[in-house]
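Everything below concerns the one structure shown next.
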Amino acid sequence: MATRMTNTDKWKDKWFRALNPMEKILFIYLTENCNNAGFIEVDYEYWAFQIGADIDEIETAFKELKNSIETVGEWCWIVNFLKHQRNLPLNPNNNAHKNIINIINEFKNKFISSIKFKEFLGANEGLISPPVMYSNSNSINLSNSNSILDKKNEILNSKLWIENICMKKRLKYDVCVIYLGVFLDDLELKNDLEKPINDIRNHFINWLDIEIEKEKKNNKPPKYHI
């Protein structure tokens, strides 16, 4: 499971203080559930389910966060996420930063219409450590042959495979998907998503067995129940 930094001074920040309770909850939720570069797929229904709010409340709160979040199509990007996670400047020789750079490469074409994203890529001199930065192209130029995002989506959308696991482990489909999401996020954080998909699937099944066994020993219900 991913671990994120949080700045306790945000409660003193004038911008954060001005948010209403739902806007604050949603903003914190997004910073804790986005990927390692600050991107997250827009899904009002799922966010409302996880937070325990009405979809209309979530949609309204999200619109009020427009100054700190850029939205393009079905994805959004938390503008200052990397800054508050103390990940700037990015260094291509840092393994954790390599993962972040790969994610940015996956999203740069999608978000290139965003002025704030363009500024992040290159308008601010020294924002990203050389040789990642190329001022002529305003882009980060590290190639990643295996798209981490595509690989995660392919695994998460493997319906028959997930249904087979649910049947064998006696789990609800939605519960299994949540376990799978947590597992994939953890692999992404550790830079372990470059393995072949079949290896990742087998790893997940072994990991899931361990998690379920831990819960049985502690006489606890499934950690991610619905």
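Every read-out reported here was derived from the displayed coordinates using simple, explicitly stated rules and does not represent laboratory data. Note that the structure is a prediction, hence the values are computed from the model and not measured.
Side notes on the structure shown:
- A straight Cα-to-Cα reach below 17 Å connects Lys118 with the aspartates and glutamates Glu70, Glu106, residues fewer than 8 places away in its own chain not being considered.
- The value given for the stretch 8-83 is a Kirkwood hydrodynamic radius of 12.6 Å, derived from the mean inverse Cα-Cα separation.
- Under 24 Å of direct C-alpha separation, and excluding same-chain neighbours fewer than eight residues apart, Lys190 reaches these lysines: Lys83, Lys98, Lys108, Lys151, Lys152, Lys214, Lys223.
- Rg over Rh [alpha-carbon atoms, Kirkwood Rh] for the stretch 148-217: 0.95
- Long-range amide H partners of Trp75 with built H, under 5 Å: Val42
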